[in-house]
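Accompanying notes for the structure given below.
The values are calculated or read from the model by the stated rules, or taken from the named source; none is laboratory data. What you see is a predicted model; the values in this text were computed from it and never measured. Using ideal geometry, Cβ is built from the backbone for each residue, glycine included, and neighbour counts are taken over all protein chains shown. The area values use the complete protein model at the heavy-atom level, side chains included, leaving out ligands, DNA and RNA. Shrake-Rupley method; radii C 1.70, N 1.55, O 1.52, S 1.80 Å.
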Amino acid sequence: GGIFGRFDGGHVGYRVLDWLQVNAVGGLASDYSTDDDVNGDRYLYGLSFDVGPFFGALSGSVYGIEQNVDGIVDRRAVGGELRYVERRLSAFGLLDYDIYFDELNVASLLGTWTFAGGASLSAGYDERLIALITTSNALQGQTDDSISDLRDTYSDDEIRDFARDRTARSRSATVGGALPIDESWQLTGDLTWLRMSGTDA
């Protein structure tokens, strides 16, 4: 539903039709590295719709999510997932776009084809911001501990610029495969190309 980390809160869903479920989520965003207690400064809420499966193999979801920190938008995004799974082919696509920052957060596509003998071939492309762009990213490299403290010195536009400057972009492409040798062993390998931008000082 557009949450790419931990949160303290709840998620509820209701299946309206055989092929449609409506979900709502709300709570408080949690930082992996620094939060020992519930973080009351970053609340989030969102709505998502799960659809499918269609033709026994195709399903997906769309979502909208908003997160706030210290009285300012932290993240406001829309996105979705598309999944296709059948005996030979599986594919997964993910898109997340932040409409507050006007930035593409994630665009990812991965597919795997399984041959009749059990061998498989996979390929994928992934482009994303590291980490997802949020207003909270502006705190990186600052002496202030909160967005509220930053707002005492800088305008909201300046804080958004700091967040953009502190957020890197990565692009990667991967191709790989697996070849069964016998019932206990298989040979696997992959080749990955990765490029990551820097961040402004």
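Structure notes:
- Residues that are assigned to a helix (DSSP H, G or I) and either of a type in the set (A, V, I, L, M) or loosely packed, with under 14 Cβ neighbours inside 10 Å (or both) within the range 162-175 comprise just one, 163.
- Given (1) assigned to a strand (DSSP E or B); (2) open to solvent by 40 Å² or more (accessible area, probe 1.4 Å); (3) aliphatic (A, V, I, L, M), number of the condition residue 178 does not satisfy: (2)
- Counting only strands (runs of 3 or more DSSP E) wholly contained in the range 51-126, the ones carrying 1 or more residues that are open to solvent by 70 Å² or more (accessible area, probe 1.4 Å), hydroxyl-bearing (Ser, Thr, Tyr) and under 19 Å from residue 170 (Cα atoms) occupy 89-98.
- First in the range 25-48 and within 14 Å of residue 68 (Cβ to Cβ), second anywhere and open to solvent by 80 Å² or more (accessible area, probe 1.4 Å) and at pLDDT below 80, Cβ under 7 Å, 6 or more apart: 28/38
- Only one entry of 122, 184, 146, 136 meets the criterion of being more than 21 Å from residue 74 (Cα to Cα) and in contact with an Asp or Glu (Cβ under 9 Å, 6 or more places away or on another chain), and that entry is 122.
- Test: residue 130 is in contact with a strand residue (DSSP E or B) (Cβ under 7 Å, 6 or more places away or on another chain), β-branched (Val, Ile, Thr) and open to solvent by less than 80 Å² (accessible area, probe 1.4 Å): yes
- The requirement of being open to solvent by less than 40 Å² (accessible area, probe 1.4 Å) and assigned to a strand (DSSP E or B) is not satisfied by residue 13.
- Residue count, the range 187-201 (criterion: free of Cβ contacts under 8 Å to residues at least 60 places away in the same chain and either surrounded by 13 or more Cβ atoms within 10 Å (Cβ to Cβ) or assigned to a strand (DSSP E or B) (or both)): 9
- Residue in the range 73-81 that is of a type in the set (A, V, I, L, M, F, W, C) and more than 27 Å from residue 150 (Cβ to Cβ) present: no
- Leading residue by the ranking (farthest from residue 108 (Cα to Cα)) among those in the range 127-153 that are of a type in the set (Asp, Glu) and assigned to a loop (DSSP other than H, G, I, E, B): 152
- Close pairs (7 angstrom Cβ cut-off, 6 or more residues apart or separate chains): closer than 18 Å to residue 84 by Cβ in the range 108-123, among the acidic types (Asp, Glu) and surrounded by 15 or more Cβ atoms within 10 Å (Cβ to Cβ) anywhere: 108/126
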